[in-house]
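The values are calculated or read from the model by the stated rules, or taken from the named source; none is laboratory data. Computed from a predicted structure; not experimentally measured. We place every Cβ from the backbone using ideal geometry, glycine too, and count neighbours over all the protein chains shown.
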């Protein structure tokens, strides 16, 4: 390890609501089965901002100082004992969750539901907005030369889109309805198109996000500001020509969930992706009597390889997503920028000396 680098592990540490500090922390050691990663790029997620502004997300409360960040790419610095297939200098993306590997959920393949899951920047687990991070090698994925560090960091939210489409059962020729043109909604729509959906409509209340969706290849974009669920349904049906086979609700807003349920065809699927309130009123009979399946998702599982393949083979082009770039020392400024509607993603370069 470079001696100068070894003395510097600047980190963005959240102490509580609106209390984010930059401080030096001890550089971790790569244990057996781990890699020490020199972090290159971290993309700010909405959850990072929520923890900063509220000090908690649901039952996850920041009760102790926590390094933020989890959408991450970097370079292998040290290879731990027992690790094969990696070497110093390898460029990697890091899947941020570490399951126990031995519980029922892990052994049956649903490791995202592991009750002992340790996920970057989810209290009390430290995240990756720092110079160096140690991480299990089996949750690191080599980046081919055709995939940039920024794209590597975006594999995390893209994996949510991949898993959403898997839960929705998206196949060739389907009509798909995406509610919400934020990062997850946009990526879910792009994945659906890459899976062969013949017509995809996306809704939002921001014309800028809707215009961006069209630039990213989404077939139809509808502004639903001020519309009732019934009025939104009519606009969506006019765009698609018929009821969608599957809907992916990415806002978590009650009225939007109602729109998804009442618009999806009988026997179709609604995937609940967005998380806003713990409870909301739903037209449950409209789902039950028409056999509209309501399916939740929690993060993702076994999706990083697919997300990486979609990017590496150019089946998904992330270059049109608006972005902004900052150095680690500019983290406070970066978080402020991430809350503005003019960018989809804000990237922080953690070892950028330029």
- Item | Residue within the stretch 294-301 that is modelled with pLDDT of 95 or more, touching a helix residue (DSSP H, G or I) at 6+ places or on another chain (Cβ under 9 Å), buried (at least 22 other Cβ atoms within 10 Å of the Cβ) and over 30 Å from residue 54 (Cβ atoms) present | no
- Counting only residues that are over 25 Å from the mean Cα position of the chain (by Cα), give me the helices (runs of 4 or more DSSP H) lying completely in the stretch 1-110 with at least 2 of them. 3-6
- Kindly provide the set of residues from the stretch 56-81 that are within 23 Å of residue 326 (Cβ to Cβ) and in contact with a strand residue (DSSP E or B) (Cβ under 6 Å, 6 or more places away or on another chain), ordered by number. 62, 65, 66, 67, 68, 69, 71, 72, 73, 74, 75, 77
- Note on the structure: In the stretch 199-218, anything assigned to a loop (DSSP other than H, G, I, E, B), more than 21 Å from residue 160 (Cα to Cα) and either free of Cβ contacts under 8 Å to residues at least 24 places away in the same chain or touching a helix residue (DSSP H, G or I) at 6+ places or on another chain (Cβ under 6 Å) (or both) is listed as 205
- Message: Checking the conditions here, which among 40, 70 is assigned by TED's automatic domain parsing to the domain that holds residue 341, in contact with a helix residue (DSSP H, G or I) (Cβ under 6 Å, 6 or more places away or on another chain) and in contact (Cβ under 8 Å) with a residue 12 or more places away in the chain?
- Response: 40
- Message: Tell me whether the stretch 178-198 contains one or more residues that are surrounded by fewer than 19 Cβ atoms within 10 Å (Cβ to Cβ) and free of Cβ contacts under 8 Å to residues at least 24 places away in the same chain.
- Response: no
